[in-house]
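**Student:** Pasting a structure below so you can have a look.
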Amino acid sequence: MSNSLLALPPECDAIVVDSHTISTRIAELGQEIAEKYDGEQLRLITVLRGGVFFLADLCRAIDMPLHMDFLAVAPYLPGKGGAVRMTKDLEDDISGTRVVLVEDVVDTGLTVNYVLSFLRSHGPASVDVCALFDKPARRIASVPIAMLGFEMPDRFLVGYGLDLAGRYRNLPFVASLNDDFVFGDRAARLR
């Protein structure tokens with residue numbers, strides 16, 4: 001196994017989106033946000049942990065003053081019961097501000113809808129979703145994505161914030177896991 005972040009991990013079968021394509025699209029999203037919210041009081045908010053990678057690059061691509069904040073949630077797990085719940089609240093007051101929820105991936109939509117409802121309860125002027133990756137094939141709850149990086153296939157993906165049992169978030173690209181790995185014994189041992 002290679003220790004290089006440029007190498008495809010052995011559990012993966014392909015790079016789905018390379019680092020250059022990701023950085024190019026983030027620059028475009030940053031410009032779009034700067035134009036849309038020019039002159040506004042803007043807050044970028046992301047959900048820890050996966051969204052941090054996207055937020056860090058996106059905020060540097062937005063040529064205007066802004067504030068950032070972070071939330072943490074215990075997500076809904078299909079088949080495991082329970083519900084989404086907040087584990088870290090906002091540090092700053094967002095009432096009357098323009099908020100962009102910066103999401104690494106919109107999958108089922110359940111967690112994003114919970115977070116949107118939570119943010120709206122704090123009285124912002126508006127809340128939009130900027131998602132780097134969207135997996136519409138897995139959608140259970142409708143999510144209004146205002147700005148989107150990439151529509152992704154219905155595969156288990158890692159890299160650029162997306163993880164497998166906490167691993168591979170730091171890959172500079174997005175790769176798909178081998179189906180044999182996802183459904184085999186090795187995946188179970190990582191959990």
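**Student:** For the condition closer than 17 Å to Arg25 by Cβ, open to solvent by 50 Å² or more (accessible area, probe 1.4 Å), in contact with a strand residue (DSSP E or B) (Cβ under 6 Å, 6 or more places away or on another chain) and at pLDDT 95 or above, what is the one hit in Glu103, Glu151? Give the steps one after another, and end with the answer.
**Tutor:** Values: Glu103 fails: open to solvent by 50 Å² or more (accessible area, probe 1.4 Å).
Among Glu103, Glu151, only Glu151 is closer than 17 Å to Arg25 by Cβ, open to solvent by 50 Å² or more (accessible area, probe 1.4 Å), in contact with a strand residue (DSSP E or B) (Cβ under 6 Å, 6 or more places away or on another chain) and at pLDDT 95 or above.
**Student:** Okay, next question. So how many residues does the range 106-123 have that are open to solvent by less than 10 Å² (accessible area, probe 1.4 Å) and not in a strand (DSSP E or B)?
**Tutor:** Total meeting the criteria: 5.
**Student:** Between a residue in the range 132-147 that is among the basic types (Lys, Arg) and any residue that is loosely packed, with under 15 Cβ neighbours inside 10 Å and in a loop (DSSP other than H, G, I, E, B), which pairs come within a Cβ distance under 8 Å, given they are 6 or more apart or on different chains?
**Tutor:** Lys135/Pro153; Lys135/Asp154; Arg138/Asp154
**Student:** From (1) farther than 18 Å from Asp107 by Cα; (2) touching a helix residue (DSSP H, G or I) at 6+ places or on another chain (Cβ under 8 Å); (3) modelled with pLDDT of 90 or more, pick out the condition that doesn't hold for Ala187.
**Tutor:** (3)
**Student:** Consider the range 9-39. How many of its residues are among the charged types (D, E, K, R) and surrounded by 19 or more Cβ atoms within 10 Å (Cβ to Cβ)?
**Tutor:** Number of matching residues: 1.
Residues checked against (1) closer than 21 Å to Ala141 by Cβ; (2) surrounded by fewer than 18 Cβ atoms within 10 Å (Cβ to Cβ):
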{"site": "Leu44", "(1), (2)": "no, no"}
{"site": "Val47", "(1), (2)": "yes, no"}
{"site": "Ala56", "(1), (2)": "no, yes"}
{"site": "Asp92", "(1), (2)": "no, yes"}
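**Student:** Would you call Arg85 under 17 Å from Asp163 (Cβ atoms) and open to solvent by 60 Å² or more (accessible area, probe 1.4 Å)? Don't jump to the end; show me each part of the working.
**Tutor:** Details: under 17 Å from Asp163 (Cβ atoms): no; open to solvent by 60 Å² or more (accessible area, probe 1.4 Å): yes.
Taking the combined requirement at face value, the residue does not satisfy it.
**Student:** While we're looking at this one, here's another question. If I ask for residues that are in a helix (DSSP H, G or I) and among the aliphatic types (A, V, I, L, M), which ones from the range 124-159 would you list?
**Tutor:** Once the filter is applied, which keeps residues that are in a helix (DSSP H, G or I) and among the aliphatic types (A, V, I, L, M), the range 124-159 yields only Ala137.
**Student:** Further question on the same structure: Would you be able to tell me the number of residues in the range 17-56 that are in a helix (DSSP H, G or I), touching a residue at least 12 places away in the same chain (Cβ under 8 Å) and of a type in the set (A, V, I, L, M)?
**Tutor:** The total comes to 8.
The values are calculated or read from the model by the stated rules, or taken from the named source; none is laboratory data. Keep in mind that what you see is a predicted model, and the values were worked out from it rather than measured. Cβ atoms come from the backbone with ideal geometry, glycine included; neighbour counts cover every protein chain shown. We work out accessible area using only protein heavy atoms, side chains counted, and drop any ligands, DNA or RNA first. Shrake-Rupley method; radii C 1.70, N 1.55, O 1.52, S 1.80 Å.
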